[in-house]
Amino acid sequence: EPEVTQTPSHQVTQMGQEVILRCVPISNHLYFYWYRQILGQKVEFLVSFYNNEISEKSEIFDDQFSVERPDGSNFTLKIRSTKLEDSAMYFCASSDGSQGANYGYTFGSGTRLTVV
Amino acid sequence: QQQVKQSPQSLIVQKGGISIINCAYENTAFDYFPWYQQFPGKGPALLIAIRPDVSEKKEGRFTISFNKSAKQFSLHIMDSQPGDSATYFCAASLNTGGFKTIFGAGTRLFVKA
């Protein structure tokens, strides 16, 4: 079964440092998303991406965050200057859009980001 | 209002019993209501989903009941098994003005053997 692949599985970074979280969505999928989950809490929407541009972003997705699809296969989330409160599990997801953009995501296994 | 309220926060069910998780929403523009199952250390996985023009959808032991007028929907897990022990998230999606899915807070289900 096709998978969404995320790397690294765990990243530890110093506060103020830049991090890039990487995702390889399923190859024929057209819609891409980043969500985050603070330990034991709800899954929170960050950003959706379609046709090489951001479709929608949440209040969490401020100027410190950016997304890119640099080469047609990877989908990255960059946090420019990490804060302690950015510590969370970050999930990438994709959907093929055959029934609509949001109709059934496939999530990756996540990257656990720890800011120290 | 784009919140989805989910209850209970946790649920313990005997093997073979019925697990019921409830969700409520406010925004009538939501047009797709999926349920996701998450095991520890894994991403959420789509379990079953319904659109608001249908009142019930069943897939195996999993059934969604949808009440459009009350703006509520629920997941029923029949003949619950220990392997069903996981966190379940209800969600609601908007396809207008951007693409996003709003998740409920999650229900931790434990099925006792």
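The values are calculated or read from the model by the stated rules, or taken from the named source; none is laboratory data. Quick caveat: nothing in here was measured; it's all calculated off a predicted structure. FYI the Cβ positions are ideal-geometry reconstructions off the backbone, even for glycines, and counts take in every protein chain you see. Surface areas here come from the heavy atoms of the whole protein model, side chains and all, with no ligands, DNA or RNA. Shrake-Rupley method; radii C 1.70, N 1.55, O 1.52, S 1.80 Å.
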**With every protein chain in place, chain A: carbon and sulfur % of accessible area (1.4 Å)** = 43
**Complete:** Hydrodynamic radius by Kirkwood for the protein assembly as shown, inverse mean 1/r across distinct Cα pairs, in Å, is 18.1
**Cα extents of the stretch A:5-98 along the three principal axes, largest first (Å)** = 38, 26, 24
**Within the protein assembly as shown: Cβ-based charge dipole about Cα centre, in debye rounded to nearest 20 (Lys, Arg +1; Asp, Glu -1)** = 640
**Prompt:** Hey, what do the phi angles of the stretch B:76-91 turn into as Karplus ³J(HN,Hα) couplings, whole Hz, using 6.51/-1.76/1.60 and θ = phi - 60°, x for Gly and Pro?
**Reply:** 10, 10, 7, 6, 4, 10, x, x, 7, 4, 5, 9, 10, 10, 8, 8
**Asked** What percentage of the solvent-accessible surface of the stretch B:1-107, computed with a 1.4 Å probe over protein heavy atoms, is contributed by carbon and sulfur atoms?
**Response** 50
**Request:** Nearest 100 Å² is fine: how much accessible area is buried between A and B, summed over both sides, with a 1.4 Å probe?
**Result:** 1900
**Asked** Taking K and R as +1 and D and E as -1, what net charge do the other residues with C-beta under 12 Å from the C-beta of A:SER87 add up to?
**Response** +1
**Prompt:** Where the eigenvalues come from the Cα gyration tensor of the stretch A:48-116, what are the semi-axes √(5λ) of the equivalent ellipsoid, largest first, in whole Å?
**Reply:** 23, 14, 12
**Request:** List the residues of the stretch A:35-59 whose accessible area drops by at least 50 Å² when all protein chains are present, compared with their chain alone, using a 1.4 Å probe and counting only protein heavy atoms.
**Result:** A:LYS42, A:VAL43, A:GLU56
**Asked** Any idea of the accessible area per residue across the protein assembly as shown, 1.4 Å probe, to the nearest Å²?
**Response** 49
**Fill in**
Counting all Cα-Cα pairs in chain B, those more than 25 Å apart amount in percent to 17
